[in-house]
1. Say we join alpha carbon atoms closer than 10 Å with springs in a Gaussian network model of the chain; which of 162, 56, 99 then has the biggest fluctuation?
2. FRET efficiency for residue 88 and residue 145, Cβ-Cβ distance as r, R0 = 30 Å, nearest 0.05?
3. Of the candidates 181, 193, 116, which one comes out as most mobile in a Gaussian network treatment of the chain with C-alpha springs shorter than 10 Å?
4. Kindly rank 86-92, 173-179 from highest to lowest mean number of other beta carbons found within 10 Å of each residue.
5. How far is the Cα center of the stretch 64-80 from the Cα center of the stretch 106-155, in Å?
6. May I ask you to sort 119, 22, 59 by Cβ crowding, counting other Cβ atoms within 10 Å and putting the fewest first?
7. For the chain, modelled as a Gaussian network with Cα springs under 10 Å, which listed residue fluctuates most, 61, 137, 169?
8. Considering only DSSP beta bridges whose two residues both sit in the stretch 109-260, what percent are antiparallel, to the nearest 5?
């Protein structure tokens, strides 16, 4: 999308202030290498859309709930929040319950993130968390309408003016990897990522989210907070991570090296 002269000037000014270095990423291996970036300038990654994930292991392909809603309308989003109503973390990630520790944890829990207060995601745009969570149901009509309005407004804005992270904020997150694959879990900007994917962008600009780890590896599972505290079985926690690297939603992998 062609930028106007004023947009180019504004973005150039913002870039000078922030000192952003942009890196093109072609594979999971390159993504992992860039997690060690140590320069003073901020790092922005141009990632193939195939490497992006939303909480729950959703890829940003045609069947992502937000991408699908942008294509088919609000009824598609209503259907999603009716269909996807996990009772616990195993249910959310389509994992078989066998009596392991942690199987009854709430769907929103993430085994590898540390926090003093483990609470559900907060409400958004004036709606409390009682109205529902973005990445699974149930959700109230008000929540569904809010999600749809955000998506359609973003799409109209980006179609008209383009997407300029220097002005509008970066899509942010961190890397998750196992022994075979690595992907980027979006933790801020999931609606923007969905809109950009729905518009056919092959690459999406992202950055590492501040105050979060840059990379989470299954090789360090013994030290993940919930595993360390005995709140979840180690192998169950690794299975949850693999839902992101191998996407249980559509069996799409993001390999960065050959399996041995």
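1. Comparing 162, 56, 99 in the GNM, the peak value goes to 99.
2. 0.60
3. Checking each option, the largest mean-square fluctuation is seen for 116.
4. Top of the packing list down: 173-179, 86-92.
5. Using only Cα atoms to place each centre, the spacing works out to 16 Å.
6. With the sparsest Cβ surroundings first, the list reads 119, 22, 59.
7. Result for the chain, Cα springs under 10 Å: 169 fluctuates most.
8. Once the DSSP bridges in the stretch 109-260 are tallied, antiparallel ones form about 55 percent.
No lab work stands behind these numbers, since they all come straight from the coordinates. Note that the coordinates shown come from a computational prediction; the quantities given were computed from them, not determined experimentally. Backbone-built Cβ (ideal geometry, glycine too); neighbour counts: all protein chains shown.
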